[in-house]
Structures are given as structure tokens and as C-alpha cells.
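Here is the structure we will look at.
The values are calculated or read from the model by the stated rules, or taken from the named source; none is laboratory data. Model, not experiment: these values are computed from the prediction. Please note: Cβ atoms are built from the backbone with ideal geometry, for glycine as well, and neighbour counts cover all protein chains shown. Only protein heavy atoms, including side chains, enter the accessible area calculation; ligands, DNA and RNA are left aside. Shrake-Rupley method; radii C 1.70, N 1.55, O 1.52, S 1.80 Å.
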Amino acid sequence: MPGGDVACHGPAGQYAHVEADDAAGRARQRELVRRGYDAISLAYRSDDGQAASSSAEDVSRYRGWVAELAGLLPAGARVLDLGCGAGIPPTRELVAHGLQVIGVDFSAVQLRRARRLVPAASLVQADMTALHMRSASLDAVVSFYALIHVPLADQRALFPRIRAWLRPGGLFLAIVGARRWTGTERYLGADMFWDHQDTGTYLRWLEATGLAPVWHRYVPEGGSGHSLILARAC
Ligand SMILES: C[S@@+](CC[C@H](N)C(=O)[O-])C[C@H]1O[C@@H](n2cnc3c(N)ncnc32)[C@H](O)[C@@H]1O
């Protein structure tokens, strides 16, 4: 397994400078993703949680990731799931471990399904880039296959905010890119936008923002893959 301990530099305001590059363009990219998931919600994953297409991620993987995270958290810990989708997985798996889960997604269709399929979670329809949470109010933040749809400048601006929402020692577990790639393509019948950095860049960004990487793993998916990173707020 790749990864290892990385020094913690504490929360920093250094990303306040994040490029004010075309905020309107980034809003359009996010809107494309929101509309896309409204359109492909069921094509991405059916109500029983199975990937309805071979291009959606296999549900069984999430069980291990969530179990590992739950083992590191106190009973009843408060967990935010960014880009929860229809919640099946990962919101449902988090709830099954007795965690208090807040799921956030900006797709109305995904959120409506999540409310029906995971009624024990608190579910909020919101764009994660504009989300407000109380400081130090969370034990963990997770995000699976959602940050990869957020424009890079918005991702960078989000990391210090995630750090601030976590209590000291809180955990961040996320699927991010393994290699740099951005683009818009047809996906399950809708236009879809992706934007992600390579793993090393994510590790540096997290470390610099006060989220010290604990480990990172390559998650293979056919001919390509993503990175799963666990980081700790310090
Ligand atoms: C590939 S799905 C993943 C859903 C779920 N996390 C899973 O692993 O099955 C990505 C989800 O992220 C949501 N998403 C993408 N960008 C978002 C944003 N800026 N704010 C809120 N949700 C977002 C999409 O609506 C979609 O439901």
C-alpha cells in the first residue's frame, strides 16, 4: 500500500488566493454536473444500490471503506457525506454503523431518492462549494466519487473549510483523482464534467491545509482508477 505519515502544518489561509478564474464558468460546470445527475440518477445506481452500469462503482467496495472509517470513530460520531447521491452507498452504510449522518447533494433527483432510501440520515440539497457548517462540529467528512466533478479551484477552496468543520483529530476520507484529467463527456446518456488532480497534488493540498494524510490507496477500476485518501485534521 502506498502512503505514510506526512507532517502536519496546521490550517492555513493560503488558499484564500485561489484563482478567481472565471467563477461564472465554474458555476456552469457545476450546473452541468447537477443536471447530469438529475438525468442519470437511476442509470448510475438502482434502488438496491447495485451499479446499474459497469461504469458506476461497485457497491461492495464501500462496505470495507466505511467499516474501516467507523472503526476509527467514537460511537454515534457525526459524519458529513459530501455528494451522497442516492445514498446507497455510502450514506446507508454509514448509518448502519450507528453514525449520525448528514448527506449533502445538489441533485434534486438524487436527494429525493436518498430521502426515501436512507430515511435515518439528515439530507440536505446544497452545492457543497457553498455549504456552511459549524466550526469543529464534525467527527468525519467523507466524499466518494463527488469531488472529481467539482472544478479544481472550488475543490482547493473547499479543503480548508472541511478542515474547519472537523474537530481536531477528525477524519477526512475521500475518493479523488489518481491522475490529472479534466473534460466533459457523454456519460450514461448525459453530458458530464470531471476535474481532478493527481494523487501527489491532493496529498500536498491536504497537508498544507491542516489535513494530514494518514494513508492513500489506488482503487483500480478497469483500465484506470482513483485514489482513496484518509487524512486527519490537526
Ligand atoms: C458519482 S456520484 C457519487 C454518489 C455517491 N457518493 C456514490 O459514491 O455512489 C457524484 C454525486 O456528487 C454530486 N455532486 C457533484 N458535485 C456536487 C456539488 N458541487 N455539490 C453537491 N453535490 C455534488 C452529484 O450530484 C452526484 O450525486
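Charge dipole of the stretch 149-201 (Cα centre as origin; +1 on each Lys and Arg Cβ, -1 on each Asp and Glu Cβ, all else neutral): 280 debye, rounded to the nearest 20. Report the calculated FRET efficiency for residue 191 and residue 60 (r = Cβ-Cβ distance, R0 = 30 Å), to the nearest 0.05. FRET efficiency, residue 191 to residue 60: 0.55.
What part of the accessible area of the stretch 14-233, given as a whole %, is carbon or sulfur when the probe is 1.4 angstrom? Write down the numbers at each step before the final one.
On the way: 4610 of 8690 Å².
Roughly 53 percent, rounded to a whole number.
Need one word for the chain: rounded, prolate or oblate. Basis is the Cα gyration tensor (sqrt eigenvalues a ≥ b ≥ c); a/c below 1.5 gives rounded, then a/b vs b/c decides. It comes out rounded by the Cα gyration axes. Placing unit charges on the Cβ atoms only, positive for Lys and Arg and negative for Asp and Glu, gives the chain a dipole magnitude near 440 debye about its Cα centre. Couplings for the stretch 153-166, taken from phi via the Karplus curve 6.51 cos²θ - 1.76 cosθ + 1.60 with θ = phi - 60°, read 4, 6, 4, 4, 6, 6, 4, x, 6, 4, 4, 5, 6, 7 Hz in order; Gly and Pro are left as x.
The residues of the stretch 14-233 have, on average, 39 Å² of accessible surface per residue, using a 1.4 Å probe with all protein chains present.
Solvent exposure of residue 218, expressed as accessible area, is near 100 Å², computed with a probe of 1.4 Å over the protein chains only. The label-point distance for residue 35 and residue 134, in a model that sets each label 7 Å from Cα toward Cβ, rounds to 3.8 nm. In this structure the amide hydrogen of residue 123, modeled in the peptide plane, comes within under 5 Å of the amide hydrogens of 103, none closer than 5 places in sequence on its chain. With a ≥ b ≥ c the root eigenvalues of the C-alpha gyration tensor of the stretch 75-145, is it rounded (a/c under 1.5), prolate (a/b larger than b/c) or oblate? Oblate is the answer for the stretch 75-145, as a/c is 1.5 or above yet b/c matches or exceeds a/b.
One Cα centroid belongs to the stretch 175-201, the other to the stretch 58-92; the line between them spans 22 Å. With the simple model of a label 7 Å out from the Cα in the direction of the Cβ, residue 167 to residue 51 spans 3.6 nm.
Kindly sort 195, 48 by accessible area of their heavy atoms, largest first, with the probe set to 1.4 Å.
Details: 195 15, 48 95 Å².
Most to least solvent-accessible, the answer reads 48, 195.
Take every DSSP beta bridge whose two residues both sit in the chain; close to 60 percent of them are antiparallel.
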